[in-house]
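Here the structure is laid out as structure tokens; the discussion comes afterwards.
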Amino acid sequence: MNFTIRHSLPGRIRIRYDKSRITKRQAALALSLLSVQEGMNDVTVNYTTGSFLIYYDIKTLSEKHIKAYFMALSDKYLNNQEMLDAVEEPQEQESLLFDLACMTGWHYFKQILPLPIRLFLRVWSLGPRILKGLEQVANGNVFKSEVLDAAAISMSLITGDVKTASNINFLLNIGDTIEEFTKKKSYSDLADRLLSQNDQVQLVEHIGGKITEKTVPLSAIKKGDVVAVRTGNVIPVDGTVVRGEGLVNQASITGEPLAVEKNDGTSVFAGTVVQEGELFVEVRAVGNQTKVQNILAMIDNSQSLKVSSQVRSEYLADTLVKYNFLLSLAVFLFTRNMSKVMATLMVDYSCAMKLASPIAVLSAMKEAAENGIIVKGGKFLEDASLADTVVFDKTGTLTAASPKLSRVIPFDGLSEDEVLSVAACLEEHFAHPIATAVVEAASDRGLLHPEEHAKVEYIVAHGIATMLHGKRLVIGSRHFVFDDEKVTEPKELEKIQKDALKNGESLLYLAEGKRLIGIFAINDPVRKNAPAIIKKLHESGIQRCVMITGDDEGAARNAAEITKIDHYISRALPEDKFKYIEEQKKLGHKVIMIGDGINDAPALSAADTGIAMGDCADITGETADIILSSEDGLEGLYKTRILGTKLMQKIDTNNRGIVAVNTSFMFLGLLGIISPSMAAILHNASTVAFSVNATKPLLGE
């Protein structure tokens, strides 16, 4: 590929390519190939200017490496039809100015055409708008803006003022075009923002006869690639299972509540969840395209989740239409001046109210996405702003999601390394902060843990069970190991638990058969900003902040004291979290639940607003209404509440302004100060102005 470096800084480089020689599809393929390279943090391409903007890890790459990658993008890759077919053709961006210029040129060009052609074109352009108004009347919807528009045009035609009717229709078309473009742009901006969240997937590669896994962006996945998906994760692509077996929850597609078994040769679909097991999936549909469909479906669904202020806006807009008609009738009866009548008909509240409110919601969702917060509907922002109770999970939510193994206590004559090796062998199958702490500790000690056990069974909120050398092996909570599995308690257990209570540690128990073989003490530090966020939430109107955790009393109490939380419950099961939230809702409280684990999913669905941390299990993210950034952490929770509060204020402020401005236009027309055409121009201009105001950032205000 021929290219030139336009700008370069450590970690950031912009590269220009020859648009006359590289097609958009080839540039999209180059983007996909570059994104999977080690050290590439973010790669974007501007097809209009013909340039790549690359952010890279300076510890891994340099400008020299980037240049080498571009030099390697030869015809072998860029002209490979199979690879080109695997990427989507970039779409052309619409131009509002071009569309308006074409409409204006056509409007004035029609006036110089021969009379028969001119009359035909007028009927062709005016007819649909009049028919739309008649259709609304026939359906019993008399008080609609479409009826107002049809009435104004019809009255102009009845009085013989065809030119005014044509001008009014032209201005209405201009307004419709601007409104449609503005709403579509808001929709598109939100989709683009969400798509830029760069989901990561596990790409399986065969290198030198060995099978390895590599974490890459979803956008880099191509047809024919193989990805690994494990328990609790969302399947990111449409494809065929080539290895492994598991239970897949397909409720998001088929509505079936029960998981379906998947193994070699069976098809799986993007958006479904691996409830249990491990699958290796060969990609059938382009990975990024499946996410596009999921994002668009989510935004479509979000439009039905309207905030109450938006609903009130639409109701008020329709209600005020009747007063437009009453005013027009009064003007006609008292003045018989058709110009004044049409001026009052040309101004209504419906357009601006019904456009500005949804745009404000889409804009708020986009702003949330810019802050790493995915909101699945404006309603959830409103619910977050109205909440008076926040229920927190502890591990990975109030704590830093990076717990460390502080002590290993072996039993039955085994060494620390032996029990740690066995524990790591089981825990490596599950993406949970506690499991990660055990696996990392084994890795730091250089311990190998070969797969000698049978299929691993994950028991939600309890632990893991499997068979090893003919004996049942379990690892998990105190309740699971001693109460459910009936493992014999060693004499020193009470002292170990007291020490853990004093140190604020969580304990993980490993047992073989009915005997305990190891205890693991986990130190899970509280997030540094957690106390400040709790304080901010109280200042914003939250009455109670509650922590509910499955951890032991010591770890729970330690976290509660540091964060200054109002109340905490330790050794809780998922059903305890669910039950507590249901009880609070019955008492009239509006509840936010925030968590990150698979066991938090029931509570998230029960809350008025379910919020998941960014590094949560995929199934938790699917259940949640809002997903926070993994980088921003708890700060995103406070931002979400402020966004919701300011969104409600903006919609209400806009509505008051719309009523005031358009009422003044009506009276200017009534007094004969402005003509019907000028009233239409001012009305459309004000609609655009309020829509633009609706897109202004909320967090910066």
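The values are calculated or read from the model by the stated rules, or taken from the named source; none is laboratory data. Everything numeric in this text was worked out from a predicted model, so none of it was measured. Note that we place each Cβ from the backbone using ideal geometry, even for glycine, and neighbour counts take in every protein chain shown. Side chains included, ligands, DNA and RNA excluded: accessible areas come from the protein's heavy atoms. Shrake-Rupley method; radii C 1.70, N 1.55, O 1.52, S 1.80 Å.
Things worth noting here:
- Relative packing of peptides 554-566, 6-18 - highest average C-beta neighbours within 10 Å first: 554-566, 6-18
- Taking 0.36 nm per residue of separation and subtracting the current Cα-Cα distance, fully stretching the chain between Glu370 and Glu205 would add 56.1 nm.
- Three-way shape call for the stretch 513-614 based on the alpha-carbon gyration tensor, with the a/c threshold at 1.5: oblate
- Rounded accessible area of Val331 (nearest 10 Å², 1.4 Å probe): 10 Å²
- Stretch gain in nm, segment Val242-Ser406, where the contour uses 0.36 nm per residue and the Cα spacing is subtracted: 55.1 nm
- Residues within the reach of a label modelled at Asp566 (point 7 angstrom out along Cα to beta-carbon, backbone nitrogen below 17 Å), restricted to the stretch 576-593, are 580-593.
- Sites Asn139 and Phe109 - FRET efficiency at Förster radius 45 Å, r taken between beta-carbons, to 0.05: 0.80
- Here the label points at Lys322 and Glu582, each 7 Å from Cα along the C-beta direction, are separated by 4.3 nm in the simple model.
- Projected label points at Tyr315 and Leu668, each 7 Å from Cα along the beta carbon direction, are separated by 3.2 nanometres.
- Remark: spin-label model distance Val123-His538 equals 7.6 nm, labels positioned 7 Å along the Cα→Cβ axis.
- Legend: residues His107, His206, sorted from most to least accessible area (1.4 Å probe; ligands, DNA and RNA excluded), read His206, His107.
- A straight Cα-to-Cα reach below 18 Å connects Lys535 with the lysines Lys394, Lys564, Lys639, residues fewer than 8 places away in its own chain not being considered.
- Greater than 26 Å apart at Cα, pairs in Lys110/Lys132; Lys376/Lys696; Lys222/Lys366: Lys222/Lys366
- Percent carbon-and-sulfur accessible area, the stretch 480-562, ignoring ligands, DNA and RNA, probe 1.4 Å: 48 percent
- Residue separation of Lys498 and Cys102 scaled by 0.36 nm, minus their Cα-Cα distance, works out to 134.7 nm of gained length.
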